[in-house]
Structure formats: structure tokens, C-alpha cells
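So the structure is just underneath, and the comments pick up after that.
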Amino acid sequence: MLEILTRAGCFVAIIVLGYVLRRKEFFKEGDFQVLSKIVLKITLPAAIVSSVSGREISPSLLYISLISLGAGILYMILGYLQNRGKGREKQAFALLNTSGYNIGNFTLPFVQNFLGPVGVITTTLFDFGNAFVCVGGAYSIATVVKGNSGKISLKKMAAPLLKSIPFDCYVVMTVLSVVHISLPAAVVSFADIAGGANAFLAMLMIGVGFRLSGSREQLGEILRILITRYSVAVLLALGCYFLLPLPLEMRQALVILVFSPIGSAVPAYTADLGEDVGLASATNSVSILISIVCIVILLAVML
């Protein structure tokens with residue numbers, strides 16, 4: 001347990017380092033975007049390729065993607081229902097800010113370092129379903145709820161997915177694993193090196209981008225969203241661990257995954273929706289803190 005806590009503490013320390021360096025102006029405002037591009041377009045795809053390459057994925061496991069997709073839809077429904085009678089704007093905001101998981105930038109490094117290749121394969125399948133919610137799906141539905149659009153836009157949902165390099169990697173590597181095709185050794189070696197930097201850069205990026213800009217008046221809304229998320233997470237974790245007919249390592253990974261924080265792109269989508277970006281950023285940042293605590297405790301208990 002001491003080793004687990006030490007390694008998890010190192011992850012937290014890297015986040016704190018990023019936050020302190022930004023406060024000391026070592027990192028400027030635009031540096032977060034640079035780090036984000038490196039993680040999303042280089043190290044995260046490389047980590048996916050490195051971890052999944054050469055490993056077989058049974059088609060029968062593809063239902064794991066439906067768990068995350070179903071969870072995202074459930075969160076949207078709960079966010080919508082909790083704000084009945086409060087106006088379309090609040091319903092749209094809650095729907096968007098309650099849904100989705102930050103897997104690639106946050107949870108994958110934990111899984112990668114603590115649960116190994118089996119955990120990463122589980123994460124790949126889980127994030128495949130999650131992507132449909134995070135990358136356009138929840139936003140498109142929120143625009144309909146608010147009244148900015150007359151119908152759900154499949155184009156708006158599909159375009160970001162197809163342009164997402166991590167999502168494309170998930171699709172390609174899942175297909176290759178299902179049909180038992182391996183990538184060339186040189187490609188995998190390159191991915192091993194680049195992917196090895198993903199955990200550090202992802203945690204550093206979270207620290208650099210960490211914001212708490214919500215006012216005291218907004219605390220009630222933040223608490224309502226986060227209590228909903230983590231209450232559902234407890235139920236999902238219990239169901240995944242005790243009910244699913246999966247190997248122990250996969251069930252452990254799913255327990256960690258359902259405690260992931262809110263999707264990192266949600267504040268940006270909130271801005272596009274014309275809603276309160278400060279509140280969205282504050283909710284997102286607090287969810288990161290809660291998820292760190294939950295995941296560290298769960299790792300210490302399960303491993």
C-alpha cells in the first residue's frame with residue numbers, strides 16, 4: 001500500500017507542480033494550449049498504441065463501451081431532470097456539465113501506471129463509448145434543450161469525433177486487436193518512447209490549467225452536479241465490480257474509470273453554448289480534486 005500511495009502522491013505532486021509554476025508565471029496562459037496539443041496529438045495516441053498493440057481484444061468485450069455511453073446518457077438525463085422548472089439555460093448547462101469523463105488526460109495515466117496493459121485495454125473500450133458523449137454528443141443535445149437548435153446535429157457530433165486523434169487511435173487499435181493484426185516493431189518502439197511521457201505531461205497539463213473561478217453563490221450548483229456524479233459513480237463501481245463477468249483486472253479498471261472527473265472539453269463547449277464558463281471551469285476543477293482522492297483511495301484498497 002505504501003508503494004501505491006507513494007506513486008499516486010507523485011502524480012498529485014506533478015499536478016501541484018504545474019499549478020505552482022503557472023502561478024509563478026513559469027507557464028503563461030497560452031502554454032496550457034501547447035501542452036494540451038502535445039498530450040492529445042502525440043503522447044496520448046502513442047500511449048494508446050504502445051499499450052494496446054499486440055494484445056487481443058475479444059469482440060465480446062465491446063459491451064464495455066456501452067457502459068460509458070450509458071453512463072453519459074444517464075448523467076445527461078439526471079442533469080436535465082434536476083433543473084426542471086429552472087429554465088432551459090440551467091437545464092442545458094447542467095446536462096452538459098454533468099456528463100462525460102476525462103479519461104485520456106486524467107485517468108489513463110493512473111491506469112497505465114497501476115493496472116498495466118489489461119487496464120489500458122479496458123480503458124480503451126470504455127473511452128470509445130465515452131467519446132460519443134464528450135466530443136460533441138452532450139453539446140449537441142444541450143443546444144437543442146436551450147433552444148439554439150431545432151434538432152440534434154449528427155454532423156456536429158460526428159465531425160469532432162473524426163478529427164480527434166485519440167478517438168481515431170482507439171478505433172484503429174481496437175479493430176487491429178480484434179482481427180489480430182500487429183503494428184511494425186519500429187512503430188511500437190516509437191510509441192513506447194513517446195507514450196512513456198504521457199503520464200507526466202498529462203498531470204502537468206492539469207496543474208497548469210487548474211482554475212477555481214466560481215463565486216460563493218455558485219457553490220450550490222457545483223455541489224448539486226458533483227453529488228449527482230459521484231453518487232452515480234458509487235453505484236456504477238459496485239455494479240461493475242460485483243456483477244460483471246470480467247477478469248479482476250478489468251473490473252478494477254472500471255471501478256477507477258467511473259470515478260473519472262468531468263470531461264476536460266466541457267468548459268469550452270459551455271462557452272460555445274453561451275453559458276457560465278467560470279462556473280463550468282470551477283466545477284471541472286473541483287471534480288479533478290475529488291477524483292484524485294477517490295482514485296487514490298480505491299487503488300490503495302483494491303491493489
Rounded to the nearest 10, the angle in degrees between the Cα long axis of helix 2-23 and the longest principal axis of the Cα atoms of the chain comes to 50 degrees
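Dipole of the chain, Cα-centred, from +1 at each Lys and Arg C-beta and -1 at each Asp and Glu C-beta, to the nearest 20 debye? Write out the running numbers ahead of the final one.
Details: 22 positive and 15 negative charges, 134 e Å.
About 640 debye.
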Quick calc: nm separation of the 7 Å Cα→Cβ label points for A271 and L2 -> 4.6 nm
In terms of the charge dipole of the chain, which places +1 on Lys and Arg and -1 on Asp and Glu at the beta carbon, the residue among F110, S285, P45 farthest towards the positive end is S285
The size of the Cβ-based charge dipole (Lys, Arg +1; Asp, Glu -1) of region 41-120 about the Cα centre, to the nearest 20 debye, is 340 debye
So the angle from the long Cα axis of helix 165-178 to the longest Cα principal axis of the chain, reported in degrees to the nearest 10, equals 40 degrees
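Quick one: which of 130-141, 3-14 comes out on top by average Cβ neighbours within 10 Å, and what's the full order, highest first?
On the way: 130-141: 24.7, 3-14: 14.2.
Listed from highest to lowest mean packing, they are 130-141, 3-14.
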In debye to the nearest 20, the charge dipole size for region 11-70, taken about the Cα centre with +1 at each Lys and Arg Cβ and -1 at each Asp and Glu Cβ, equals 180 debye
1/(1 + (r/R0)^6) with r = Cβ-Cβ of V179 and L74, R0 = 25 Å, i.e. FRET efficiency to nearest 0.05, evaluates to 0.20
At the level of C-alpha centres, the distance separating region 215-252 and region 103-133, in angstrom, is 16 Å
Straight-line reach check, K41, cutoff 18 Å on alpha carbons, 8 or more apart in-chain or any other chain, hits among aspartates and glutamates -> D31, D127, D168, D192
With R₀ set to 41 angstrom, the calculated FRET efficiency between the beta-carbons of C10 and K86, to the nearest 0.05, is 0.45
Summing -39500 (n - 2.57) over every DSSP H run of at least 4 residues in the chain and dividing by its residue count gives a helix-only mean residue ellipticity at 222 nm, to the nearest 500 deg cm²/dmol, of -23000 deg cm²/dmol
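Which pairs, out of K28/K163; K24/K90; K24/K86, put more than 32 Å between their alpha-carbon atoms?
Details: K28/K163 27 Å; K24/K90 36 Å; K24/K86 41 Å.
Pairs exceeding 32 Å: K24/K90; K24/K86.
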With Cα coordinates, the longest principal axis of the chain makes an angle with the long axis of helix 88-98, in degrees rounded to 10, of 20 degrees
Here the tail fraction of P(r) beyond 25 Å, over all Cα-Cα pairs of the chain, rounds in percent to 47 percent
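Quick note: the coordinates plus some simple rules give every number you see, no bench work behind them. Just so you know, these numbers come straight off a predicted model, no measurement behind them. FYI the Cβ positions are ideal-geometry reconstructions off the backbone, even for glycines, and counts take in every protein chain you see.
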